[in-house]
1. State whether one or more residues within segment 288-306 are more than 30 Å from F231 (Cβ to Cβ) and either at pLDDT 90 or above or not in a loop (DSSP other than H, G, I, E, B) (or both).
2. Tell me which of these D150 doesn't satisfy, since it passes every other one: (1) in a loop (DSSP other than H, G, I, E, B); (2) more than 19 Å from E78 (Cβ to Cβ).
3. Filter segment 217-258 for residues that are crowded, with 24+ Cβ neighbours inside 10 Å, hydroxyl-bearing (S, T, Y) and within 19 Å of the chain's Cα centre (by Cα) and give the result.
4. Mind counting the residues in segment 80-107 that are crowded, with 24+ Cβ neighbours inside 10 Å and either in contact with a Pro (Cβ under 6 Å, 6 or more places away or on another chain) or not β-branched (V, I, T) (or both)?
5. If you take the residues of segment 75-127 that are in a helix (DSSP H, G or I) and small (G, A, S), which of them is nearest to S252 (Cα to Cα)?
6. What is the residue count in segment 206-240 for residues that are assigned to a loop (DSSP other than H, G, I, E, B) and either farther than 24 Å from L90 by Cβ or among the aromatic types (F, W, Y) (or both)?
7. Which count do you get for residues in segment 184-216 that are surrounded by 13 or more Cβ atoms within 10 Å (Cβ to Cβ) and either hydroxyl-bearing (S, T, Y) or in contact with a Pro (Cβ under 6 Å, 6 or more places away or on another chain) (or both)?
8. Exactly one condition in (1) small (G, A, S); (2) more than 12 Å from the chain's Cα centre (by Cα); (3) farther than 13 Å from L105 by Cα is false for S57; which is it?
Amino acid sequence: MFWQVLWPLSLGFVLSAVVEAVASKRAIVKALGHDSVRSVALASALGAASSSCSYASVAVARSLFRKGATFANAVIFEFASTNLVIELGLILFILLGWQFLVGELSGGVIMIVVLTLVFRFTLRPRLVEEARAQAEKGLRGRMEGHGAMDMSVTEGPFLRRLVSARAFTAISHYYFMNIASIWTDLLIGFLVSGALAAWVPDSAWAKFFLTGHGPLSEIWGVLIGPAISVFSFVCSVGNVPLAAVLWRGGISFGGAIAFIFADLIIIPILNIYRKYYGWRMMVYLFVVSYVAMVVAGLVIDGGFATLHLVPTNRAVAVFQDRPRWDYTTFLNIAFLVLTAVLGIRFLRTGGREMLRMMEEAPTDDSAADHHAHA
């Protein structure tokens, strides 16, 4: 599985690194400081173009909130950065097919719309102020340095910035920052999914997912999918291999999509929400997120069923494939070469020191910004 998704991961990391190298966090905060349809759209677009690491996105969201973004926009940015990023879509396409790619993207948009509406009608100013007071305490979660760092190049015309030496350095740093952020989730995801695929018989999965019971299977799938994710402790793109196992085992199409969405409510991240925003906001985020995931899963399941687009083939080809000389191998080699080029730049420009700072809680954002531009 890892061999099949190596080049899509690398491509996604490169694209997000390029965006982060030219898009200043200060500019993002300014764009997300108002509650409007335009701000929600910008939060979604900017999130989709950023890092796919769930822990990093949560840290970035708190940083944006503390700097002036509205709480709703910060959370929308966070959800987009884990559910609409290009590497996630490419991996879904490679492992499970185009229907899952379309379902994930359209479901992600539906979920963001649901979250926006729920926030507008249920998120009380008092709860937001409590969350802000807790956020200002600066309690440590994970990837704090990642959330505060801003290595963007903002001076001069866009093309000149993009091809500058500073941008090359920033891209190499963001690229390896993204790898460092999710490698453990990827490793756990591949190992756990491989073990489940090899050792748990399909008949056991079929009974658990109530396969073959029509609408009951579909409703149960979208309800149980996020619950499985909560206790899987796997997030970011690492949960896609697990989704492939669940799909082969008989979970409904909408259930698999809802499972992938739920990487932001796994137990470790809920604990970070508690540290960042307090118990009340943690419970609130869990409930509204779960509701949005279930609604999105049901809508996608119903819509795809109506259009007769729900995939019927559950024999995930990647479980039988072996590495061979084909386009995947050549693309993997090309992106490994690109990784080596970026790695040389990374090592020559203080990359090791940057990675050490990524997990540290910065004393203030200006210090992180100073390091990023040094």
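1. Scanning segment 288-306 turns up at least one residue that is more than 30 Å from F231 (Cβ to Cβ) and either at pLDDT 90 or above or not in a loop (DSSP other than H, G, I, E, B) (or both).
2. Checking D150 against (1) in a loop (DSSP other than H, G, I, E, B); (2) more than 19 Å from E78 (Cβ to Cβ), the one that fails is (2).
3. Within segment 217-258, S229, S236 qualify.
4. Counting residues in segment 80-107 that are crowded, with 24+ Cβ neighbours inside 10 Å and either in contact with a Pro (Cβ under 6 Å, 6 or more places away or on another chain) or not β-branched (V, I, T) (or both) gives 12.
5. Per the stated criteria, the residue is G103.
6. Count: 8.
7. Here the count works out to 5.
8. Every listed condition holds for S57 apart from (2).
The values are calculated or read from the model by the stated rules, or taken from the named source; none is laboratory data. Being a predicted model, the structure only gives us computed values, none of them experimental. When we count neighbours, we look across all protein chains shown, and the Cβ atoms used for this are built from the backbone with ideal geometry, even at glycine.
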